[in-house]
Each structure stands twice: as C-alpha cells, then as structure tokens.
Amino acid sequence: MAQRGKFVKPQNRQISSARVVAGKKISPNFVRVTIAGDELSSVSPMGFDQWFRMFVPQQGQRTLRLPTSASGFWYAQYKLMAKDLRPVVRNYTIRDFRAAGAGMFGDTTEIDIDFASHGDLGPASAWARTATAGDEVAILDEGLIYNPTPGAEWQLLVGDESALPAMAGIMNSARRDLRAEVFIEIPDADDAQDVRVGDGVNVHWLIRGDATARPGALALHTVMEAELPAGPSYTFVAGESGLATALRRHLVSDRGVPKSDIAFTGYWRHGHASY
Ligand SMILES: Cc1cc2nc3c(=O)[nH]c(=O)nc-3n(C[C@H](O)[C@H](O)[C@H](O)COP(=O)(O)OP(=O)(O)OC[C@H]3O[C@@H](n4cnc5c(N)ncnc54)[C@H](O)[C@@H]3O)c2cc1C
C-alpha cells in the first residue's frame with residue numbers, strides 16, 4: 001500500500017518574481033502586504049496552510065539577486081552567494097490568493113501576506129513594515145504541511161500569531177462539517193480576525209496581553225487544561241518551537257494521541273534568527 005506522504009508538495013515549483021502593490025497595518029501587531037505579478041500565475045493555489053519561501057533584498061540593497069534553481073539546489077546556490085549580496089529568505093503563508101483578473105490592484109495574480117510584527121524586528125518583519133508599491137520580492141511555493149489523517153473525526157489547531165494566517169487558511173479550506181477546536185494566541189484583542197468557519201468549529205482567541213510573556217506559553221497551558229472531544233483527531237500546531245514540541249509531547253504522553261496524527265512545526269525559535 002502506498003504510504004501517505006508527510007507533506008503535500010506543489011506540482012510546479014519555480015522562483016517567481018513579483019512586486020509589492022500594497023502594504024498596510026491591519027491591526028496592532030499585523031501588517032498585510034499584497035504582492036502581484038505575471039510570474040505568480042505559476043503558483044497553484046492549494047488553500048489550507050500553503051506556505052512559501054520569500055526572498056527580499058537586504059536593507060540598503062538595490063537589486064534582488066535570486067538563486068536560479070527551484071529544486072533542492074536553491075539553498076546550496078544561496079549559501080554560495082556572498083553574504084552581503086544574498087537576499088533575505090524567510091517563510092510565509094498565503095493569506096489570500098487572487099488569480100489574474102480577480103485582483104484588487106490590477107490584472108495580474110495577487111497574494112496577500114500577513115506579517116506578525118515582533119519587537120526585535122528581524123529583516124523580514126522590518127521589510128514588511130516599510131514595504132511600498134514597486135518593491136521587489138520573489139517567492140518559492142512549498143505546498144502544505146497540513147495533511148490530515150484519513151478518518152479524523154475532529155481537528156485541533158493551535159498556534160501563536162505567526163500561525164494565524166495558516167490556521168485561518170485551514171479553517172477556510174476545511175470541510176464545513178469537520179468539527180474543530182482552535183486555539184489562537186495573539187498579542188492584543190484587536191489582532192483577532194474574521195474567520196470563516198463551519199458550525200462545529202470553536203475558535204478560542206487567547207490574548208497574551210503581557211508583552212514580556214513568552215509567545216505560545218498561554219496557548220500551551222490553555223490546551224493542556226482544556227476538555228477536548230473524544231475520537232480520532234488530527235492536530236496542527238505551529239508557532240514558537242517550544243509551543244509546537246511541548247504540545248506534541250503533552251498530546252502523546254498525557255492524552256495518548258498517536259504521533260502520526262500530529263503535525264507540529266516550529267515556525268520560529270525564541271532568540272534565534274532564521275537562516
Ligand atoms: C511554514 C511557515 C509559515 C510561516 N508563515 C508566517 C506568516 O504567514 N506570518 C508570519 O508573521 N510568520 C510566519 N512564519 C514565521 C516567520 O517565518 C518567522 O517569524 C521569521 O523568523 C520572521 O523573520 P524575521 O526576519 O522577521 O525575524 P528573524 O530574523 O528570523 O528573527 C529575529 C528575531 O526575532 C525573533 N522572532 C522571529 N519571529 C518572531 C515572531 N513571530 N514573534 C516574536 N519574535 C520573533 C527571533 O527569535 C529572533 O530573535 C512562518 C514560518 C514557517 C516555517
């Protein structure tokens with residue numbers, strides 16, 4: 001019997017160049033940047049948590065230099081580039097995809113990206129804060145991490161603000177009759193977003209409030225204390241890596257959830273820059 005793959009990879013993969021067409025602060029801790037361009041039509045929208053590598057220039061760089069390979073070699077090429085010439089590469093989620101002709105800003109394909117602003121601004125978060133129309137960017141589609149176990153009767157989605165776009169995408173794309181318990185930790189009550197959910201979906205917005213608290217800790221403790229439905233489930237947990245690993249440990253050790261029914265992803269690591 002064919003084994004179920006861990007991830008759902010896109011069929012076509014290429015590094016697609018685009019330009020910023022809009023950028024605005026949508027809530028106290030989120031900036032939404034819209035990118036557009038003909039090359040984005042090579043991205044097949046898959047819904048759910050579809051994510052991509054984003055390439056932007058380093059601060060002060062005039063030109064965006066890109067690896068040419070879209071296979072696994074792009075990273076080797078990237079590492080061979082001189083440090084001061086390489087682009088910044090970070091991972092983001094498609095918050096919304098509008099095919100050519102259905103856009104809000106022009107005739108080409110558009111993608112919205114929601115950036116969680118964080119205090120110790122890294123280069124991607126800083127880029128988003130100042131992104132203006134015409135800025136160069138490129139993306140490499142990576143597909144889905146979300147890949148529910150066949151037979152799951154309900155799902156558990158847990159994350160901090162960096163995973164809000166992924167969880168919103170999953171809720172938007174999931175079967176309307178799939179029950180879900182969703183725990184989203186955000187810094188401020190005004191960071192909550194309207195999400196499209198079916199009848200059996202309970203969304204718990206958890207407000208961190210205290211800016212010195214470790215992101216993810218509130219979500220972890222809330223789920224540990226929560227009464228969750230019985231029956232076969234699928235869990236998607238993402239955000240600060242401590243949240244992802246500790247929640248998986250709890251589900252496996254304390255609740256007897258099979259490891260194969262949990263997708264856990266450290267989206268970022270407290271005190272560590274990516275790449
Ligand atoms: C598959 C995937 C999808 C993702 N989708 C999104 C998305 O749609 N929106 C989004 O905002 N993020 C998303 N992320 C997380 C994002 O890639 C990281 O937060 C990334 O590190 C941000 O890059 P940076 O250049 O701003 O900061 P870095 O240079 O990577 O880090 C600088 C400093 O900031 C800290 N830091 C990084 N991210 C955060 C954070 N979110 N909160 C608090 N401190 C942080 C680091 O620990 C470090 O100390 C995703 C990650 C993955 C793996």
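What follows draws every value from the coordinates through simple rules; no lab data is involved. What you see is a predicted model; the values in this text were computed from it and never measured. Don't worry about glycine lacking a Cβ; one is built from the backbone with ideal geometry, like all the others, and counts go over all protein chains shown.
Of note:
- DSSP beta bridges fully contained in the chain are about 60 percent antiparallel.
- In a reduced charge model with +1 at each Lys and Arg Cβ and -1 at each Asp and Glu Cβ, the chain shows a dipole moment near 980 debye about its Cα centre.
- Our coupling estimate for region 184-199, obtained by passing each phi through the Karplus curve with A = 6.51, B = -1.76, C = 1.60 and θ = phi - 60°, is 10, 8, 10, x, 9, 4, 6, 7, 5, 10, 6, 10, 8, 9, x, 4 Hz, Gly and Pro reported as x.
- Prolate/oblate/rounded label for region 59-120 (Cα gyration tensor, a/c 1.5): prolate
- Hydrodynamic radius by Kirkwood, which averages 1/r over all alpha carbon pairs of region 15-143, in angstrom: 14.9 Å
- Rounded to the nearest 20 debye, dipole of region 15-143 from Cβ charges on Lys, Arg, Asp, Glu: 460 debye
- Only Lys, Arg, Asp and Glu carry charge here, each on its Cβ (+1 for the first two, -1 for the last two); on that basis region 52-103 has a dipole of about 100 debye about its Cα centre.
- Residue-averaged [θ]222 nm for the chain, counting only DSSP H segments that reach four residues, each worth -39500 (n - 2.57): -5500 deg cm²/dmol
- Restricting the calculation to Cα atoms, the chain shows an Rg/Rh of 0.96 when the hydrodynamic-style radius is the Kirkwood one.
- Region 113-231: C-alpha gyration tensor shape, a/c 1.5 cut-off, then a/b vs b/c: oblate
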